[in-house]
1. Percent relative contact order of the stretch 20-106, based on C-alpha pairs within less than 8 angstrom and at least six residues apart?
2. Would you calculate a helix-derived [θ] at 222 nm for the chain, using -39,500 (n - 2.57) for each DSSP H run of n ≥ 4 and dividing by the full residue count, to the nearest 500?
3. For the stretch 81-90, what does the Karplus curve 6.51 cos²θ - 1.76 cosθ + 1.60, with θ = phi - 60°, yield as ³J(HN,Hα) per residue in whole Hz, taken in order and with x for Gly and Pro?
4. By the scheme Lys and Arg +1, Asp and Glu -1, what is the net charge of all other residues having a beta-carbon under 9 Å from that of PHE44?
5. Heavy atoms only, probe 1.4 Å: what % of the accessible area of the chain goes to carbon and sulfur, would you let me know?
6. According to the square roots a ≥ b ≥ c of the eigenvalues of the Cα gyration tensor, what is the shape class of the stretch 1-47, taking rounded for a/c under 1.5, prolate for a/b larger than b/c otherwise, and oblate for the remainder?
7. Where the centre of each part is set by its Cα atoms, how far does the stretch 52-86 sit from the stretch 111-159, in angstrom?
8. Can you give me the relative contact order of the chain as a percent, contacts being Cα pairs under 8 Å and 6 or more apart?
Amino acid sequence: MIRLLAIRHAPVAVEGIIYGQTDVPTMLDGADAAARIEPVVSEFAPAIIWSSDAARCREPATLLAERLGVPHLIDERVREMFYGDWEGRAWDAVSRTEVDEWMAAWQTRSPPGGETVAGFTERVAAWWGDLDAGPHFLMAHAGVVHCLDVVADGLAWGRAIERRLDFLAARRFTRT
């Protein structure tokens, strides 16, 4: 059986920015974020800790792996969705027409130069499918957790994004 505990990274210190895969600062440093979630992660007793290469996930995951004495693996497949030309821009700096065109078909169309939701889902599904049996912890991005809602729990994307996931909140997934 595969058991996965996924916890969303700490709150980011930017507002109104399309950050996707862009490295942005968080309101807690890696040590503070790790300390806040360590009791839950420790009780779960993961054999492996995973994260993307984004500092907001990588830094607390590295510290937790050291404290718990388990490997920390960075995998690009658990990066947040890529918003292409919009990365790092303020939402209000993107033309309303471009946003409306994307939102009209957000499940099949990508932002300019970015990734489609289908491609994003396939990437995360490949990671999920490659996990070995045992307990795993993922220091996660919200979009990745929503992908797991789709691929691991069978939710439709519309329903998945309606499920609120606060910063430093946990979600669990299993596969037999």
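The values are calculated or read from the model by the stated rules, or taken from the named source; none is laboratory data. If you're wondering where the values come from, they're calculated on a predicted model, not measured in any experiment. Note: ideal-geometry Cβ built from the backbone for every residue, glycine included; neighbour counts use all protein chains shown. What goes into the accessible areas is simple: the full protein's heavy atoms, side chains included, and nothing from ligands, DNA or RNA. Shrake-Rupley method; radii C 1.70, N 1.55, O 1.52, S 1.80 Å.
1. On the way: 84 pairs, mean separation 29.0, N = 87.
Taking the mean separation of contacting Cα pairs over the length of the stretch 20-106, I get 33 percent.
2. On the way: 6 runs with 68 residues, N = 176.
Using -39500 (n - 2.57) per qualifying helix, the result is -12000 deg cm²/dmol.
3. 4, 9, 9, x, 4, 8, 3, x, 9, 6
4. Values: positive: ARG3, ARG172; negative: GLU43.
That sum, taken over residues with Cβ under 9 Å, equals +1.
5. Numbers: 4180 of 8340 Å².
Exposed carbon and sulfur together represent 50 percent of the surface.
6. Values: a/c = 3.59, a/b = 1.79, b/c = 2.00.
The shape class here is oblate.
7. Result: 14 Å between the Cα centres.
8. Working: 319 pairs, mean separation 65.1, N = 176.
With pairs under 8 Å counted, the relative contact order is 37 percent.
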